[in-house]
Structures are given as structure tokens and as C-alpha cells.
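Structure first, commentary second.
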Amino acid sequence: MRLNFGNSLRRKLLGAILLTTLVAVVVALGAMIAYDLRAYHKSWLESVDAQAALIGRTTAPALSFDDPRVAQENLAVLRFQPKVRAAAVYSTRGVLFARYTAEGARVEFPALPGADGVAVSGGSVIAFRRIVEHGQILGTVYLQADYELIDRLLSYAGIALAVAVIAMLVATLMSAWMRRIVLRPILAVGEAAREVVERQDYSRRVEQRSDDELGALVAAFNNMMTEIERRTVALEASNLDKASEVEERRNAQQEVMRLNEELERRVHERTAALERTNADLALATDAAQSANRAKSEFLSNMSHELRTPLNAIIGFGQMLSMSDPTTLPPERYKAFLDHIVKAGHHLLSLINDILNLAQIEAGKLTLSVEPIRLAEVLAECQSMTETLAEQRKIRLLFPANVDALVKADRTRLKQVLLNLLSNAIKYNRESGSVVVDCIRLGPERMRLSVQDTGIGMKPEQLAALFQPFNRLGQETGTQEGTGIGLVVTKRLVELMGGELGVSSRPGAGSQFWIDLPTEPASDIATEPMPLLPASNEATQATVLCVEDNPASLELISAALAARPGVRLLTASNGKRGIEMARAHQPDVILMDNNMPVLSGGEAQVMLKNDPRTAHIPVIAITANAMPDAIGKGLAAGYFRYLTKPVDLSALAEALDGALALSASHKQRR
């Protein structure tokens, strides 16, 4: 009778191995994942906080000097940190000073900065960090980065599942191997013993596969065999050991060769990466050096262009101051004044062009792109350039019956066309012509061209046409220019969604063209222009002028001396101006901004908060002509905001409106 216990023993052995393997894998992976996730959470929060602190240190100078552009450039470096989604810098008043958003990210920046700290919100890490320098809080850094803990946990879960499956497969294979090692010798010994008992066949032997207790059992059984059989078994075992050793050495040699190939591959990859890094560094160095050279050249050219009109103003002014008015001929006196006024207008045009270019480069120029009638803009430009054309006997030819709407900013489009037309007239030949034409390039595109009959330009001149302060050899000519008008013109056209191009041949003239998007005629409605109210100048009016510059004060005094019924009072600083306003109750106050003791802005706030002077209209007359300064001044309560050099007609118009408002206030009282 044959007893079979193999199935029961196999199942027990398999179950014990699988259970032990599963418990060991779960405990090991669980501990490793928990430790790694905790370390990742802590290190990532510390990293985000450190990055916020580093941004605070790099943007502190920009906050100190109120330079958002530098702060924006510092934040732009975060594009090399792919996990950073957004960053912002707030001023001490909680106003957004500069910001950065990763490409493709949609982020809403908080209206006000929060308290210092790092927190996890959803799938993001949000950090607020105060910017402190020399004990003074300059602002706050806001930083938002991806928080990949859930993704990391899911990845680990997938890895753990895969490892568990592999471990169970290995455990299954180990179970089969264990069955072969443990159970098979026992069954073989039992079968051999049965055959020896039944058949009395002592030549039967069992192969010894191990040196443990099972091996001892097999050895004891085989000792019953003859001495010759025992030695044969020993010889075969020795041969098997040698074959195994040879196989192990061959496998070890193959592994060494594989490791050598892997090492060579990694060295090659690291060398290639290092070469790419060196090449990128060389390109970045060349770009930085090129930028520094361009900056130095721009500053040098700007200094030269600013000094040229100043030379005329100061020189002719000194000649007037050194000349005897009684002996200087009137026509020579007027010629000196004309030179000073002409140089002053040229200097003002240069400053305006530089400010426009700076606004465009900084991205602060605001455009109102809307459908406008091209015929109206062309008519305005024609009327504004006819006088200049008549002086040089240039014939202007504009298209008739232009029925088209283009998408553009009306003021900036007129500025672009006037620049092109004035250049075509100035650099044209005597008795030449300027032709303006409009061509529809398609259903959504219109081309405006300005063609002259001047001397034209060479290919090398065309290549340098849009470089700032490069007048293409016209510096010694009779026509004045800033050298940056075309640069501003090209940037304005591009900001309006258009394109500026040029074609020219030496001796045949030049043609500049602008491509702009069009709009169907039914998409725009015409509205009547409102009429300006007639001026109502008050009689016996008192005007207080608060100005610390004697020359500016003398100019205002001379301008108001021509107005009958106006009494002028003067003060040299904001504090004295407030005292005189309270004492004399003037009808209008003309206020400079940058003054000693008390600035014009501070004085204006104090006047508005005082019931005795709150009704007096205050007109700002200042050299701060930046658009944001004008907007802040009007929002602060100025009646008008005039910039230096003062346009006397604009001053008269503002004064008429302020006197009318003051008279209306007196009637209500």
C-alpha cells in the first residue's frame, strides 16, 4: 500500500513561504514609503521657503529703488524651475509690484499678501515671505509650486504593487525549488527503501543533493551500498561541482564586461552633457556682453543727442546775456530766440521719443485698439503736414474716398503716420512729391504706404534703419532728427497687431508700408464730437503760483501779465504756499511738485483736507511727465496736470476752466 502525503506537505510549504514573503514586503515597502513621503514633504516645504527667501533677497534692491522691471527680470529666472507655477512681489502697501507665471499655468494671485509661512493647499505649496533689509520691511514674496505628494504616493503604490507581485512570483518559484530540495529527496528515499525491501535490490541508490539533514539521510542510505557505488557517486558529485564553478566564473566575466560597457556609456553621456553646458554658457556670455555693448552704445548716443540741442540753448542764451540789448539788432535778437525755441522743441521731441521707447520696452504702454475710420486719420495727417510740405515745395498726394476701417489705436496710428510723412518730406528733394496709398491685401488686411522721391537708401543703410540714434549719415545734414522715431514707430505698429516694412533704391526714393487688420464697416458707429465750452475768464481773479525755480516762476509771471484782471501771488515752497492760500483765499493755485520743505503733492493733500481751501482748484505744473504720475496726480485731486516745458495755450485753457469753476463756487456761496 502506497501512502501519498506530497500534496498536503506541498501546500503547507507554499503557504508558509508566500505569507512570510508578503508580510516582509508589505512592512519593508510601507516603512520605506512612509519615510520617503515624510522626508519629501519636509524637504519640499523647506525648499519652497528657501526659494521665496532667495527671491526676497534678489528683489530687495528693485523694491528699494522702485524698479519693477528689475524685479520682473529676477522673477523670470524661475522659468528654470519647472515645479514653480507662479511668483509675485508685493510692495509694503500690499500692491502687486511684479509677478511671474509659468508657461501654460493659470494662476490667480492673491489681492493682498498673507503672513509669513509655507502651507499646502490642494495640489500646490504656497509660501509668503517678508522682504526685510537692514531691519526694514520692503515688501512680501509670494511663491506657488506644485505639491506632488499624492502623485508620489500613487507612484509608490504602483511600485509597491509591482514589487509585491514580483515577490510573490519569486516566492512561488522558491516554493517549487524548496519542494524539489526538501520533498523530492524524502520521497526518493522512501521509494528506494520500498524497492530494496520488496526487491532486495541493494544496487538501488538515491542522489545526494544537499549537506543538511536530508543529505545525511541520503548518505546513510547510500552507505548501505557497496564501496564502489559510493565512490562513483562521490566522483559524479565532484564533476558537478567543477562544472558549476566554471559556469559561475563565466557568468562573473560576462557581468564584468557588462559593467565596463555601462561605465563607458555613462562617461560618454556625462562628457556630452558637459560639452552642451559649456556651449550654452558661452552663448549666454556672448549675449550678456552684446547686451552690455548695446547698452553702452545707446547711452553714449543718447548723451550726444541730448547735448546737441542743449548746446544751442545754452550757447545762444549766453550770447544774449553777454550782448548789449541796445546795440544788438532786433533781427539778430529774434534769430537767437528762434534758435533757442527750435532747439528746445527738438529736445522735447527727443525726450518724448525716449520716454515712448522706454514705455514700449518695459511693456507699460497702454493702447486702445478699436475700429477707426482710416479716412479721418489720413485727413488729420494731411492737414498737419501741409504747412511743412509747402515750405519745401513738396506735393502731397493722398488717396480719395478711402472707405475702410482698421483696428488700431487712433492716437498712436496718427503718430506713426505723421512720423513717416514728416520723414518723407524732410528727406525729400526740393519740389519732390510724397504719395500716400491704401491697398487691401485681403478681407482682413489693409496696407498703407508712404512713398517719397528722395535720395533713397543703400542696402547697408536699410539693415541699420531701425537702430536707436542711427540717422544713417544724416547727422551732418540740415534736417534735425532724434534717430529713434522709426524705432518707436515700428514698435507701435507691432503692438497694434500690424507690420512695418520698407523698400528703397538709391536715387529712386523710399517706400514705407504698414499692414494693419481691418474691420467690417458695419462694426463701428459714428458719434458727434462734443463741443468745448466757451471760456469764461473771471475778472479781478487772484492766482497763487507755488514754484521754487526762479526761471519757471518768471515764465508764469510773464504769461499771466498779459491777462487783464489777474493778480499774481508767489510762494517758493509748499509750506509757504499753504499759508498764503489760507490767508489770501486765491481763486486758482498753480503748484509745482518737487520743492523743498514740503512737496507739491503733500501740499495739495493738505489743501484738500482743509475746509478753508478745499474748494480752490489746484493746477499741477511739474516736470514729471510719466503717464502713471499724471494718472496718480489727477486721481489725487488736481484740477489739471500740466507738464514742463509748459504749453502756454494749454495753461491758458486750464486757467480759464479753473477760474470758471471758482466763480461758480462763489455764486453758490
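In table form, for the structure just shown:
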{"quantity": "Shape category assigned to the range 552-598 from the gyration tensor of Cα positions, a/c cut at 1.5", "calculated": "oblate"}
{"quantity": "Surrounding net charge for residue 581, when Lys and Arg each add one and Asp and Glu each subtract one, Cβ distance under 10 Å", "calculated": "+1"}
{"quantity": "Cross-link table 334/393; 393/644; 414/666; 575/644; 490/644, entries beyond 31 Å C-alpha to C-alpha", "calculated": "393/644; 414/666"}
{"quantity": "Cross-link reach list, aspartates and glutamates versus residue 83, counting only Cα pairs under 13 Å and skipping chain neighbours closer than eight places", "calculated": "103, 146, 148"}
{"quantity": "Value of relative contact order over the range 90-195, rounded to a whole percent, pairs C-alpha under 8 Å and six or more apart", "calculated": "18 percent"}
{"quantity": "Burial ranking of peptide ranges 206-216, 412-422, 141-151 (average Cβ count within 10 Å, highest at the top)", "calculated": "412-422, 141-151, 206-216"}
{"quantity": "Positive dipole terminus of the range 1-128, leading residue within 90, 114, 14 (C-beta point charges)", "calculated": "14"}
{"quantity": "Listed residue (144, 161, 171) projecting farthest to the positive dipole end of the range 71-186, Cβ model", "calculated": "171"}
{"quantity": "Förster-model FRET efficiency, 41 Å R0, residue 152 and residue 605, C-beta, rounded to 0.05", "calculated": "0.15"}
{"quantity": "Net charge of Cβ neighbours under 12 Å - reference residue 424; Lys, Arg +1; Asp, Glu -1", "calculated": "+3"}
{"quantity": "Residue-count net charge about residue 102 - beta-carbon cut-off 13 Å; Lys, Arg +1, Asp, Glu -1", "calculated": "+3"}
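FYI, it's all coordinate maths here, none of it is from the lab. All values derive from a computational prediction rather than experimental measurement. Reconstructed Cβ throughout: ideal geometry from the backbone, glycine too, with neighbour counts over all protein chains shown.
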